[in-house]
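The values are calculated or read from the model by the stated rules, or taken from the named source; none is laboratory data. Being a predicted model, the structure only gives us computed values, none of them experimental. Cβ placement follows ideal geometry from the backbone for every residue including glycine, while neighbour counts extend to all protein chains displayed. Side chains included, ligands, DNA and RNA excluded: accessible areas come from the protein's heavy atoms. Shrake-Rupley method; radii C 1.70, N 1.55, O 1.52, S 1.80 Å.
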Amino acid sequence: MQLRIPGPTPCPPQALQAMGKQMISHRGKEFGNILNSITEKLKQVFQTKGDVLTLTCAGTGGLEAAIVNTLSPGDKILAVSCGVFGDRFADIAKQYGANVKCLNFEWGKPADPEAIGKALRAESDIKAVLVTHNETSTGVTNDIGKISSVVKEFDKLLLVDAVSSLGCIDLPTDEWHCDAVITCSQKGWMSPPGLSMISVSEKGWQAHATAKMPRYYWDFSKARDYLQRGQTPWTPAISICYALNANLDLMLSEGLPNIFARHARVAQLTRKGVRSLGLSLFPPDSHASNTVTAVRASDKLDVSKLIQVLRDKYDVVIAGGQKKLSGKIFRIGHLGLVEENDIKTVLEALAKALPSAYRHSESFAPCHSEEAKRPKNLAQGKLREESRD
Ligand SMILES: *Cc1c(COP(=O)(O)O)cnc(C)c1O
């Protein structure tokens with residue numbers, strides 16, 4: 001099967017094998033060695049000398065943890081959004097009582113660093129900026145380098161949702177002065193869902209020292225204290241730690257520049273292939289993501305039918321659009337364990353599946369279509385065959 005959604009992503013055999021290991025005590029030396037090893041290797045991929053905490057939760061838990069550990073109710077923050085995940089980050093902050101100023105960009109377009117600068121100039125008491133590195137819902141990668149230089153000009157705290165980009169697209173945490181960078185195990189890390197990994201800068205820790213949002217499970221102080229002893233405050237997802245540890249070895253032996261280049265190559269192949277089928281991309285080329293390709297679907301294309309045929313007939317699993325993009329786009333995930341050959345398989349299947357996913361409108365002259373020429377019972381028989389596969 002080709003699992004080509006933007007998470008969960010396929011796991012390499014090394015991870016699957018590692019996960020078959022017996023349980024161990026999470027308070028013992030063996031787990032301590034694993035956690036310390038994971039942490040050291042994560043720092044290399046995050047490109048940080050600061051702290052990296054590993055929490056047992058989904059990516060959204062990591063976003064929530066970053067907010068409640070650095071902010072207080074009533075803090076004014078600027079939430080930059082260009083899609084579902086930017087909106088979610090803002091919603092979490094609202095839920096915990098932050099005074100959220102939303103800076104929304106059209107879905108499919110990137111966040112504009114200049115507009116962020118303008119917003120920060122207009123409201124001097126903003127404490128933090130929330131931004132999504134890779135907006136998975138629209139296939140857009142924001143320019144965090146430029147955004148961070150604007151945010152740092154105003155000396156604000158910068159919290160970055162890099163859930164679907166870190167470990168795939170370059171994000172030098174320290175160099176770009178990101179105060180918290182959040183990711184999770186089932187995206188570029190090729191592991192099952194269950195862990196969220198978060199970096200915390202010096203400035204992040206300073207904010208944490210005075211942050212008053214309620215928290216218990218998420219408390220970074222507890223996580224840091226326990227980490228010094230090679231432990232986590234609560235029982236961690238031990239099996240996922242096994243997998244992540246194995247995958248980090250694979251990632252570091254491939255090397256970060258090679259990983260970034262592979263994702264760029266695979267993404268380019270995806271974009272080129274999709275275009276050659278007469279389809280167009282949802283985001284502009286300049287900001288098209290190297291981890292997920294969002295493809296525009298015309299009114300004539302039935303996205304749910306396309307997804308169903310790809311899955312049932314060709315064993316290829318892709319994603320549709322979320323929220324208001326439902327039916328308007330489809331998305332091909334290419335992050336983590338992915339090579340050019342995987343994308344070739346997806347593109348071949350897409351080419352074969354597309355004709356059956358077009359709606360027969362008046363302009364399509366159904367009397368000329370293959371489906372209409374066939375006797376009705378035969379067409380139905382074909383359909384049944386498809387769903388049986
Ligand atoms: C997947 C994703 C999330 C949420 O991850 P969950 O593990 O489903 O909570 C958040 N942000 C981005 C950008 C994502 O791609």
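Looking only at residues in region 228-239 that are among the hydrophobic types (A, V, I, L, M, F, W, C) and buried (at least 20 other Cβ atoms within 10 Å of the Cβ), which one is nearest to residue 32 (Cα to Cα)? Across region 228-239, the extreme among qualifying residues is 238.
Assess whether residue 83 counts as being assigned by TED's automatic domain parsing to the domain that holds residue 150, of a type in the set (Gly, Ala, Ser) and over 15 Å from residue 137 (Cβ atoms). For residue 83, the condition - assigned by TED's automatic domain parsing to the domain that holds residue 150, of a type in the set (Gly, Ala, Ser) and over 15 Å from residue 137 (Cβ atoms) - is not met. The condition of being more than 22 Å from residue 254 (Cβ to Cβ), within 16 Å of the ligand (Cβ to nearest atom), of a type outside the set (Lys, Arg) and part of a helix (DSSP H, G or I) does not hold for residue 35. Screening region 146-171 for residues that are farther than 23 Å from residue 43 by Cβ and part of a loop (DSSP other than H, G, I, E, B) and picking the one that is farthest from the ligand (Cβ to nearest atom) gives 155.
State whether the residues of region 69-80 include one that is within 16 Å of the ligand (Cβ to nearest atom), open to solvent by less than 20 Å² (accessible area, probe 1.4 Å), free of Cβ contacts under 8 Å to residues at least 60 places away in the same chain and of a type outside the set (S, T, N, Q). Yes, region 69-80 contains at least one residue that is within 16 Å of the ligand (Cβ to nearest atom), open to solvent by less than 20 Å² (accessible area, probe 1.4 Å), free of Cβ contacts under 8 Å to residues at least 60 places away in the same chain and of a type outside the set (S, T, N, Q). Residue pairs whose Cβ atoms lie under 8 Å apart, sitting 6 or more positions apart in sequence or on different chains, and linking a residue in region 346-374 that is aromatic (Phe, Trp, Tyr) to a partner that is at pLDDT 95 or above, are 358/300; 358/301; 358/302; 364/300; 364/358.
Across region 15-45, what is the number of residues that are open to solvent by 60 Å² or more (accessible area, probe 1.4 Å) and either out of contact with any helix residue (DSSP H, G or I) (no Cβ under 8 Å at 6 or more places or on another chain) or outside the structural domain of residue 165 (by TED's automatic domain parsing) (or both)? Let's see the steps before the verdict.
We begin by selecting, within region 15-45, every residue open to solvent by 60 Å² or more (accessible area, probe 1.4 Å); these are 16-17, 20-23, 25, 27, 29-30, 33, 36, 40, 44.
The next check asks that each one be either out of contact with any helix residue (DSSP H, G or I) (no Cβ under 8 Å at 6 or more places or on another chain) or outside the structural domain of residue 165 (by TED's automatic domain parsing) (or both); those that pass are 20, 22, 27, 29-30, 33, 36, 40.
The total comes to 8.
Only a single item in (1) buried (at least 22 other Cβ atoms within 10 Å of the Cβ); (2) free of Cβ contacts under 8 Å to residues at least 40 places away in the same chain; (3) under 16 Å from residue 224 (Cα atoms) is not met by residue 54, and it is number (2).
Kindly indicate which of 223, 180, 209 is small (Gly, Ala, Ser) and without any contact (Cβ under 8 Å) to a residue 12 or more places away in the chain.
Details: 223 fails: without any contact (Cβ under 8 Å) to a residue 12 or more places away in the chain; 180 fails: without any contact (Cβ under 8 Å) to a residue 12 or more places away in the chain.
It is 209.
Taking region 158-171 as the search range and keeping residues that are out of contact with any Phe, Trp or Tyr (no Cβ under 6 Å at 6 or more places or on another chain) and farther than 16 Å from residue 62 by Cα, which one is surrounded by the most Cβ atoms within 10 Å (Cβ to Cβ)? Restricting to residues being out of contact with any Phe, Trp or Tyr (no Cβ under 6 Å at 6 or more places or on another chain) and farther than 16 Å from residue 62 by Cα, the top hit is 168.
Screening 179, 155, 174 for residues that are crowded, with 22+ Cβ neighbours inside 10 Å and either more than 23 Å from residue 208 (Cα to Cα) or at pLDDT 95 or above (or both) leaves exactly one candidate, 179. Residues of region 172-191 that are within 11 Å of the ligand (Cβ to nearest atom) and either more than 12 Å from the chain's Cα centre (by Cα) or of a type outside the set (D, E, K, R) (or both): 182, 183, 184, 185, 186, 188. Is there a residue in region 116-130 that is within 25 Å of residue 292 (Cβ to Cβ), within 15 Å of the chain's Cα centre (by Cα), within 12 Å of the ligand (Cβ to nearest atom) and not in a helix (DSSP H, G or I)? Among the residues of region 116-130, not one is within 25 Å of residue 292 (Cβ to Cβ), within 15 Å of the chain's Cα centre (by Cα), within 12 Å of the ligand (Cβ to nearest atom) and not in a helix (DSSP H, G or I), which makes the answer no.
Number of residues in region 221-259 that are part of a loop (DSSP other than H, G, I, E, B) and either in contact with a Cys (Cβ under 6 Å, 6 or more places away or on another chain) or within 17 Å of residue 24 (Cβ to Cβ) (or both) equals 8.
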